[in-house]
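The values are calculated or read from the model by the stated rules, or taken from the named source; none is laboratory data. As the structure is a computational prediction, the values presented were derived from the model and not from experiment. Ideal geometry is used to build each Cβ from the backbone, glycine not excepted, and the neighbour counts take in all protein chains shown. Keep in mind that these areas ignore ligands, DNA and RNA; they rest on the heavy atoms of the full protein, side chains included. Shrake-Rupley method; radii C 1.70, N 1.55, O 1.52, S 1.80 Å.
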Amino acid sequence: MEYVVECNHLTHYYGKKLVYKDLNFKIPKGSIFGLLGKNGTGKTTTINILNGFLTPTSGECLIFGENSQNLSPETKRRIGFLMEGHIQYSFMNIQQIEKFYSAFFPRWNKDIYWELMKKLEVSSTQKISRMSCGQRSQVALGLILAQDPDLLILDDYSMGLDPGYRRLFLDYLTEYAKAEEKTIFVTSHIIQDLEKLIDYCVILDYSGILLSMPVEEFQRKFKHFRFQVEGNVPDLKKDEVVTNIEIIKNHVSLYSFKSAEEVENYLKSLGIHYSDFHQVPMTLEDAFIGLTGKY
């Protein structure tokens, strides 16, 4: 299998504060990969290392086989990067910025850019500074797709976008990636948007990887069970059966990679009297919160 991105034994500190230790993952060519985690778990740090903006304390990241700290100009031209906040030259209009960017990319495809601009129903002389956040996001996406990159790195593309513009962004991105066999590395705070987008996810905790697996497998194997306990509330803790747990009065929410039968046998082995035991369907966002906790 050909890997576009490889992070090997990546460790990083800010001063004495550990961001993560021994982070490992690979992104196959043509896949859409999501790096998920709460604020402060190292998502943007990883992207900055990938782009060569930040040197890791130890370990390495490879992009198309080259160390991210020393990427050749040829490899850099194969990468499209969208920073958080969709930073652009806002004093330009949409025609000027297309012409400006096109000079730097030999594979520039202006038709992709202008197709997306038509959706905005604005004139070619519309200044970016006078556009809404959602409109600017589409300009940013059009500029990235027109570069015809083999790898797209998107750092929290959804910041400030309303549901309509997020959906437009994702629809174009998904269609483009599948049609052109592109590889996408994406982070987002809005997990629900990624459910139908990403193929594979890595979920970060405050010191490393909590989970690394295909999204379909994660949603199939990770389960949420609810039940009520009778009498004293049990002192259940995380272990090989209980991945996470939340108890409010005598109502219990238990998250596990085990089957319903295995969880019930586990509760019986502890002598816990319970009722109304049932599995609760989960979205990707539900599963993410169930794994990482609400706080």
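Quick rundown of the values:
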read-out	value
Residue ID - surrounded by the fewest Cβ atoms within 10 Å (Cβ to Cβ), chosen from residues in the range 15-27 that are in a strand (DSSP E or B) and without any contact (Cβ under 8 Å) to a residue 24 or more places away in the chain	17
The range 63-73, subset touching a Ser or Thr at 6+ places or on another chain (Cβ under 7 Å) and either in a strand (DSSP E or B) or closer than 20 Å to residue 83 by Cα (or both), residue least open to solvent (accessible area, probe 1.4 Å)	63
One residue from 42, 59, 30 being small (Gly, Ala, Ser), open to solvent by less than 60 Å² (accessible area, probe 1.4 Å), at positive phi and over 21 Å from the mean Cα position of the chain (by Cα)	59
Test: residue in the range 229-242 that is modelled with pLDDT under 95 and part of a strand (DSSP E or B)	yes
Cross-chain or 6+ apart pairs with Cβ under 6 Å, the range 171-185 first and closer than 16 Å to residue 142 by Cα, then open to solvent by less than 20 Å² (accessible area, probe 1.4 Å) and in a helix (DSSP H, G or I)	176/145; 184/177
Condition check for residue 170: open to solvent by 10 Å² or more (accessible area, probe 1.4 Å) and assigned to a helix (DSSP H, G or I)	yes
Which listed residue, of 293, 271, is of a type outside the set (D, E, K, R) and more than 22 Å from residue 206 (Cα to Cα)	271
Restricting the range 247-277 to residues that are closer than 12 Å to residue 228 by Cα and of a type in the set (Gly, Ala, Ser), the residue that is most open to solvent (accessible area, probe 1.4 Å)	275
Positions within the range 77-126 being free of Cβ contacts under 8 Å to residues at least 40 places away in the same chain, of a type outside the set (Ser, Thr, Tyr) and open to solvent by less than 90 Å² (accessible area, probe 1.4 Å), in sequence order	92, 93, 100, 103, 109, 114, 117, 120, 122, 126
Condition broken by residue 137, with the remaining ones in (1) modelled with pLDDT under 90; (2) open to solvent by 40 Å² or more (accessible area, probe 1.4 Å); (3) of a type in the set (Ser, Thr, Tyr) satisfied	(2)
From 198, 184, 203, 245, residue being part of a strand (DSSP E or B) and farther than 30 Å from residue 277 by Cβ	184
Selection from the range 186-211 of residues that are under 13 Å from the mean Cα position of the chain (by Cα), open to solvent by 50 Å² or more (accessible area, probe 1.4 Å) and either touching a residue at least 40 places away in the same chain (Cβ under 8 Å) or closer than 19 Å to residue 45 by Cα (or both)	189, 192, 195, 199, 200
Some residue of the range 222-242 being exposed (fewer than 13 other Cβ atoms within 10 Å of the Cβ) and closer than 29 Å to residue 59 by Cα	no
